[in-house]
Amino acid sequence: MTQASRLNTRRQLVLGSLGAAVSAALPNAFAQGTAFPNRAITFICPWPAGGTGDVTMRTLAQVASRELGQPVVVENRVGAAGMIGAKALASAKPDGYTIGQLAISVTRFAQLGMIQVDPLKDYSFLAMASAQTFGIVVQPDSPFKNLLEMVAFAKANPDKLTYSTSGIGGQTHIGMEEFALAAGIKLTHVPYKGGAPALQGLLGGQVDMLADSSSWSALVEAKKLVLLATWGAERLPRFKEVPTLKELGFGVVNDAPNGVVAPAGLEPAIEKKLAAAVAVAVNSPEFKAVCEKIDAPVIFLDPAQYRQYVIENYKKETILIEKLQLKKLLAS
């Protein structure tokens, strides 16, 4: 073989190797953002299948799927008041193929040591989506026909009135104690293992009041329970005659907004594309309709606004944990 032939052969080998390297890199480059997404995305829902949280998130995932051009498959990771799902989201690979719903209570449970995540560092915030509806209900034969009557009695009889919730440290427990602090009253908390048992506690006459999400809606409409107040920023369309804690002068708004996040460390282009798809989904007629059916206010915040909300809520929870001595309560 002549020297020229040897040089030509070597040149072909080098060019062939370069071509193979470029070809191998291209799919990875596309996966990193150019052609994202090129396969199905997993959406982690921290609530049971068929529940109100699951129903709203499945609708959101369906609309987001249309925007992204790939299936968004809901996977239920249930337990620990939404924290099993929160942990799974924080631990997932930050490639854009795992997203999900995050309960705002992660800011409290993280500080209480009930979940080993840092909510301010372990997530990419895509959008706030919706809130829950909470309220205080009593039996129809209760002596209290409105919240102010209950407050007046509680001031004259500290710790005599009891209320049930789904458990210590949950959103309803925190909200009720925040209200009690604002009203200057002392109530006795009776925690149950879930919202359904807490409701039965009220129906069975074991407690004076129930603080819960809209599990009481149908019973209130049927006149089997009386709704004294709701906790959102505005009155509920379905219960327009019922005031909020805020308008009654207690300055408390507690609606436990949920948002959509991904693991921290997403590439900016992927994060931007996911956030845009989620924004369309949250603001879609389909999502708004399913939220309206369960009295869940739609509250959209973009990624920067959502992150700031979480930061502020984290600070608020720090103060409440100290005031309510939650660490001591949980240890007892």
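The values are calculated or read from the model by the stated rules, or taken from the named source; none is laboratory data. Keep in mind that this is a model prediction, so the values were computed, not measured. Virtual Cβ from ideal backbone geometry, glycine too; neighbours counted across all protein chains shown.
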- [ ] Output the residues belonging to the stretch 232-247 that are under 15 Å from Met176 (Cα atoms) and at pLDDT 95 or above.
- [x] Thr244, Leu245, Lys246
Open item on the list: For the stretch 144-176, give me each residue that is touching a strand residue (DSSP E or B) at 6+ places or on another chain (Cβ under 8 Å) and of a type in the set (A, V, I, L, M).
Closed with: Leu147, Met150, Leu161, Ile168, Met176
- [ ] Kindly list the number of the only condition in (1) modelled with pLDDT of 90 or more; (2) over 19 Å from Glu247 (Cα atoms) that fails for Gly170.
- [x] (1)
Task: Counted residues, the stretch 245-274 - those being farther than 25 Å from Lys316 by Cβ and assigned to a helix (DSSP H, G or I) - done: 7
Open item on the list: When you scan the stretch 102-111, do you find a residue that is over 19 Å from Ala256 (Cβ atoms) and not in a strand (DSSP E or B), even just one?
Closed with: no
- [ ] Residues being more than 17 Å from the chain's Cα centre (by Cα), more than 21 Å from Gly135 (Cα to Cα) and of a type outside the set (A, V, I, L, M): count how many of those fall in the stretch 286-328.
- [x] 8
TODO: Return the residue satisfying two criteria in turn: it lies in the stretch 221-230 and is out of contact with any Ser or Thr (no Cβ under 7 Å at 6 or more places or on another chain) and surrounded by 18 or more Cβ atoms within 10 Å (Cβ to Cβ), and of such residues it is farthest from Met150 (Cα to Cα).
DONE: Leu225
Task: Members of the stretch 106-132 that are of a type in the set (S, T, N, Q) and surrounded by 24 or more Cβ atoms within 10 Å (Cβ to Cβ) - done: Ser130, Gln132
Task: Residue identified as under 29 Å from His173 (Cα atoms), among the hydrophobic types (A, V, I, L, M, F, W, C) and touching a Gly at 6+ places or on another chain (Cβ under 7 Å) among Leu301, Leu330 - done: Leu330
Open item on the list: Restricting to the stretch 127-167, and then to whatever is aromatic (Phe, Trp, Tyr) and assigned to a strand (DSSP E or B), can you tell me which residue is farthest from Pro243 (Cα to Cα)?
Closed with: Tyr163
Open item on the list: Can you say whether Lys293 is under 21 Å from Arg108 (Cβ atoms) and either touching a helix residue (DSSP H, G or I) at 6+ places or on another chain (Cβ under 6 Å) or surrounded by fewer than 20 Cβ atoms within 10 Å (Cβ to Cβ) (or both), as far as the supplied structure shows?
Closed with: no
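Yes/no per residue for (1) closer than 30 Å to Ala90 by Cβ; (2) out of contact with any Gly (no Cβ under 8 Å at 6 or more places or on another chain); (3) outside the structural domain of Met57 (by TED's automatic domain parsing):
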{"position": "Ile115", "(1), (2), (3)": "yes, yes, no"}
{"position": "Met128", "(1), (2), (3)": "yes, no, no"}
{"position": "Gln139", "(1), (2), (3)": "no, no, yes"}
{"position": "Ser164", "(1), (2), (3)": "no, no, yes"}
{"position": "Gly167", "(1), (2), (3)": "yes, no, yes"}
{"position": "Gly170", "(1), (2), (3)": "yes, yes, yes"}
{"position": "Ile174", "(1), (2), (3)": "yes, yes, yes"}
{"position": "Gln206", "(1), (2), (3)": "no, yes, yes"}
TODO: Output the qualifying pairs, or none if there are none: Cβ atoms under 8 angstrom, residues six or more apart or on different chains, first residue in the stretch 62-76 and touching a residue at least 24 places away in the same chain (Cβ under 8 Å), second residue loosely packed, with under 14 Cβ neighbours inside 10 Å and of a type in the set (A, V, I, L, M, F, W, C).
DONE: Gln70/Ala40; Pro71/Ala40; Val72/Ala40; Val73/Ala40; Asn76/Ala49
Task: Breaking point among (1) on the phi < 0 side of the Ramachandran plot; (2) surrounded by 19 or more Cβ atoms within 10 Å (Cβ to Cβ), for Asn146 - done: (2)
- [ ] Those residues that are within 22 Å of Lys323 (Cα to Cα), assigned to a strand (DSSP E or B) and touching a Leu at 6+ places or on another chain (Cβ under 8 Å), I need them from the stretch 169-209; list them, please.
- [x] Thr188
- [ ] Could you please let me know if Ser217 is out of contact with any helix residue (DSSP H, G or I) (no Cβ under 6 Å at 6 or more places or on another chain) and surrounded by 22 or more Cβ atoms within 10 Å (Cβ to Cβ)?
- [x] no
Task: Candidates Ala61, Ala49, Ala81, filtered to the one that is within 30 Å of Gly169 (Cα to Cα), at pLDDT below 80, in the same structural domain as Ala264 (by TED's automatic domain parsing) and not hydroxyl-bearing (Ser, Thr, Tyr) - done: Ala81
